[in-house]
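Take a look at the structure below.
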Amino acid sequence: MEIKHGLEIKFGTEYGPEEEQAMLAVLRKGAPTSGDECIQFEKEFAAYCGTTHARAVSNGTAALFLSLIGAGIKPGDRVLTTPLTWIATAAAAVTLGAEVDFVDIDPKTYGLDPRQLERKLTANTRAVLPVHLYGQCCDMDEILELSRRHGFVVIEDACHAVGATYKGRKSGSMGLTGCFSFHEQKNMSTLGEGGMITTSDAAVFERIALYRSHCTRVYGKSTKYCSLDESKVPMGKRFWWQDFDDCGYNFRMTDMQAAVGRVQLRKLDGLNQKRARNAQYLMDGLKNVPGLKLPVVAPDRTHAFHLFPVEIDPEIYGMTKEDFVYAMLHERGIKVGTHYIPLNYSTAFQKRGFRRGQYPVTEAVAERLVTLPLNPRQTAEALDYLIESVRALCRGK
Ligand SMILES: *Cc1c(COP(=O)(O)O)cnc(C)c1O
């Protein structure tokens with residue numbers, strides 16, 4: 001069956017003439033990497049999030065990896081995150097050599113549960129990565145309070161939640177760092193790939209800036225890559241030389257991406273408002289469908305609605321999640337998502353000793369959870385058809 005417009009799995013936004021113009025301007029300047037557009041994008045993004053610094057990177061996974069490096073996480077350090085996330089969150093820590101363990105989720109927010117976190121802390125626990133899943137912030141006050149008491153750092157995985165707020169604070173401004181992705185499916189995008197790290201810690205920012213680009217320090221000349229240490233410039237001789245503090249990486253963003261990112265950032269609040277409006281339309285339309293659990297938005301947060309999660313109770317709705325996904329596609333032409341498989345089910349983490357049954361809340365949710373199409377472009381007709389389809393497949397309709 002043909003997929004209906006607006007009901008495909010295509011969460012990302014669309015580009016318009018503003019992005020085209022911004023790209024052409026950069027192209028005519030030689031389309032450099034990490035130039036003025038990146039610096040402007042970083043300034044505007046930091047201002048948007050309410051942090052003092054931001055650094056543009058090549059993707060969200062690089063943002064997570066560099067944040068761990070910026071926080072001084074070393075091989076063998078214990079890092080905790082949620083098993084219900086895109087693998088990048090946990091993989092960034094694993095590839096750095098950290099010892100990763102999971103904390104079960106809160107079934108209301110779908111985020112890492114602070115009540116379960118305390119029991120998982122050991123003397124070696126150095127970092128906790130809450131994921132603002134589907135676009136809603138985790139219980140950050142509780143997590144930050146534990147971090148103060150136990151001395152671990154908090155790195156926010158805000159890849160789903162650009163623009164979301166928690167008690168008036170923007171996602172990415174509460175932890176030591178915040179990590180964002182501008183992958184094509186996210187709420188804003190920079191030509192298919194991209195990412196950003198936000199922080200208000202100057203020392204952590206400097207480490208992130210260094211490791212992003214081979215730990216290059218250029219002395220004696222203003223540089224876009226890192227801070228200038230005037231003390232190392234010989235008196236009276238303002239010549240240029242380069243040094244490397246350590247072996248680092250190349251996780252830079254290009255100016256083409258940044259120019260598009262700046263336009264997307266200006267559009268972001270409007271796009272997120274459309275998502276919220278469409279989400280509310282779905283909530284109203286799907287109210288009282290037997291066996292369908294709608295997302296719960298905590299009153300002290302605004303949800304960025306990257307995805308629209310619903311849980312299907314097979315006994316009451318009359319269909320398993322798998323049958324629902326199949327019927328929606330083949331009978332209704334609607335692509336429904338399944339985000340995500342619990343990471344302890346994955347081969348990658350089974351190889352690392354994890355087993356089914358370790359995270360009962362996550363696993364029970366994952367058995368029932370699907371994500372319905374939600375994006376800023378959906379028309380009322382598309383939303384009505386989606387609502388009608390979910391109702392039509394329900395046994396008790
Ligand atoms: C997309 C995503 C990432 C990784 O971002 P990339 O830009 O794809 O590397 C990390 N965590 C979560 C929760 C994501 O959804």
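The values are calculated or read from the model by the stated rules, or taken from the named source; none is laboratory data. All of these numbers come straight from a predicted model, not from anything done at the bench. Neighbour counts are summed over all protein chains in view; Cβ atoms, including those assigned to glycine, are modelled from backbone coordinates with ideal geometry. Heavy atoms of the whole protein, side chains included, go into the accessibility calculation; ligands, DNA and RNA do not. Shrake-Rupley method; radii C 1.70, N 1.55, O 1.52, S 1.80 Å.
Of all residues in the range 31-70, those that are more than 24 Å from residue 166 (Cβ to Cβ), more than 16 Å from the ligand (Cβ to nearest atom) and either charged (D, E, K, R) or not in a helix (DSSP H, G or I) (or both) total 7. Applying a threshold of 9 Å to beta carbon distances and a minimum spacing of six or more residues, or different chains, the list of pairs starting in the range 104-124 at a residue that is closer than 24 Å to residue 371 by Cβ and of a type outside the set (S, T, N, Q) and ending at one that is in a strand (DSSP E or B) and open to solvent by 40 Å² or more (accessible area, probe 1.4 Å) is empty.
Being farther than 23 Å from residue 45 by Cα, buried (at least 22 other Cβ atoms within 10 Å of the Cβ) and away from the ligand (no atom under 13 Å from the Cβ): is that true of residue 199 here?
Working: farther than 23 Å from residue 45 by Cα: no; buried (at least 22 other Cβ atoms within 10 Å of the Cβ): yes; away from the ligand (no atom under 13 Å from the Cβ): yes.
Criteria not met by residue 199.
Which of the following residues is among the polar types (S, T, N, Q), surrounded by fewer than 21 Cβ atoms within 10 Å (Cβ to Cβ), outside the structural domain of residue 103 (by TED's automatic domain parsing) and touching a Lys or Arg at 6+ places or on another chain (Cβ under 8 Å): 347, 338? Explain how you work it out, then say what you get.
Working: 347 fails: touching a Lys or Arg at 6+ places or on another chain (Cβ under 8 Å).
Result: 338 is the single residue among 347, 338 that is among the polar types (S, T, N, Q), surrounded by fewer than 21 Cβ atoms within 10 Å (Cβ to Cβ), outside the structural domain of residue 103 (by TED's automatic domain parsing) and touching a Lys or Arg at 6+ places or on another chain (Cβ under 8 Å).
Considering the conditions (1) away from the ligand (no atom under 15 Å from the Cβ); (2) on the phi < 0 side of the Ramachandran plot; (3) in contact (Cβ under 8 Å) with a residue 12 or more places away in the chain, residue 90 is excluded by exactly one of them, (1). Taking the numbered list (1) surrounded by fewer than 22 Cβ atoms within 10 Å (Cβ to Cβ); (2) farther than 22 Å from residue 38 by Cβ in turn, residue 301 passes all entries but (1).
Quick check, is residue 149 at pLDDT 95 or above, away from the ligand (no atom under 13 Å from the Cβ), farther than 30 Å from residue 257 by Cα and open to solvent by 10 Å² or more (accessible area, probe 1.4 Å)?
Details: at pLDDT 95 or above: yes; away from the ligand (no atom under 13 Å from the Cβ): yes; farther than 30 Å from residue 257 by Cα: yes; open to solvent by 10 Å² or more (accessible area, probe 1.4 Å): yes.
So residue 149 passes the test.
Residues that are out of contact with any Ser or Thr (no Cβ under 9 Å at 6 or more places or on another chain) and either in contact (Cβ under 8 Å) with a residue 12 or more places away in the chain or at positive phi (or both) were ranked within the range 307-322; the one that is least open to solvent (accessible area, probe 1.4 Å) is 317.
It is to be established whether one or more residues within the range 104-123 are open to solvent by less than 10 Å² (accessible area, probe 1.4 Å), modelled with pLDDT of 95 or more, over 25 Å from residue 204 (Cα atoms) and part of a strand (DSSP E or B). Within the range 104-123 (the criterion being open to solvent by less than 10 Å² (accessible area, probe 1.4 Å), modelled with pLDDT of 95 or more, over 25 Å from residue 204 (Cα atoms) and part of a strand (DSSP E or B)), the answer is yes, since at least one residue qualifies. The set of residues from the range 340-391 being farther than 25 Å from residue 115 by Cα, basic (Lys, Arg) and either at pLDDT below 95 or outside any loop (DSSP other than H, G, I, E, B) (or both) comprises 377, 391. Considering the conditions (1) open to solvent by 50 Å² or more (accessible area, probe 1.4 Å); (2) more than 28 Å from residue 44 (Cβ to Cβ); (3) touching a Phe, Trp or Tyr at 6+ places or on another chain (Cβ under 7 Å), residue 326 is excluded by exactly one of them, (3). Selection of the range 277-323 for residues being in a helix (DSSP H, G or I) and farther than 23 Å from residue 379 by Cα yields 314, 315, 316, 317, 321, 322, 323. Can you name every residue in the range 77-87 that is assigned to a loop (DSSP other than H, G, I, E, B) and more than 10 Å from the ligand (Cβ to nearest atom)? Listed by number, the residues that qualify are 77, 83.
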